[in-house]
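Report on one structure; see the data block that follows.
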Amino acid sequence: MEDTRFHNLVVDIISLFIYKYKLKVLNIIDARNIILKIIIDFNRNCFCDEFLQEYLLIYLEKINPNFNFCDKEGFDDFKIINYREFLIVYLLILAKYVEDNFFLNKDISDFYNISITRINKLEIFILKNINWDLSINKKYNGIY
């Protein structure tokens, strides 16, 4: 049975990735399935449904992209980032921020087959991009 809890979230994430991060994918259905699998993994191990559905897009919108996304291997200069790697590392950062129990970078590296060096560099890049600030202010919470 297909998990449909996050269908709208995945559609919104794909739209955000395409329009804000200029994601270019060869197969949009494959991209949706990849994003759904990652969200289900993190839902099972870290985040409740409500956190993902209510806050993930808010957190993703905090990024000020000075890079583009792709569905191929990313580059070390971070001008082009693989969207899968980005989402995994960003969710890892959020888990460290909001959860008492979280996975280590090494755990994520082993589970998703991404080099630990890549995860560490991408984590620092993302944190610098958001100015090390994961708080959600009124602007991001839809009050303004």
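The values are calculated or read from the model by the stated rules, or taken from the named source; none is laboratory data. All figures in this text were calculated on a predicted structure; none of them were measured in a lab. Every residue, glycine as well, gets a Cβ built from its backbone with ideal geometry; the counts of neighbours run over all protein chains shown.
For the range 114-135, give me each residue that is over 16 Å from the mean Cα position of the chain (by Cα) and closer than 23 Å to residue 40 by Cα.
115, 116
Select from the range 1-30 the residues that are aliphatic (A, V, I, L, M) and modelled with pLDDT under 90 and list them in ascending order.
Answer for the range 1-30, where residues must be aliphatic (A, V, I, L, M) and modelled with pLDDT under 90: 1, 23, 25, 26.
Name the pairs whose Cβ atoms lie under 6 Å apart, with the first residue in the range 8-19 and in contact (Cβ under 8 Å) with a residue 12 or more places away in the chain, the second surrounded by 15 or more Cβ atoms within 10 Å (Cβ to Cβ) and of a type in the set (S, T, N, Q), and 6 or more positions between them or separate chains?
Pairs that qualify, where the first residue is in contact (Cβ under 8 Å) with a residue 12 or more places away in the chain and the partner is surrounded by 15 or more Cβ atoms within 10 Å (Cβ to Cβ) and of a type in the set (S, T, N, Q), are 9/53.
Within the range 100-119, identify whether any single residue is modelled with pLDDT under 95, in contact with a Phe, Trp or Tyr (Cβ under 7 Å, 6 or more places away or on another chain) and closer than 19 Å to residue 34 by Cβ, and answer yes or no.
No, the range 100-119 contains no residue that is modelled with pLDDT under 95, in contact with a Phe, Trp or Tyr (Cβ under 7 Å, 6 or more places away or on another chain) and closer than 19 Å to residue 34 by Cβ.
As an exercise: evaluate residue 136 against (1) modelled with pLDDT of 90 or more; (2) surrounded by 12 or more Cβ atoms within 10 Å (Cβ to Cβ); (3) not in a helix (DSSP H, G or I) and give the number of the one condition it does not meet.
All conditions are met except number (1).
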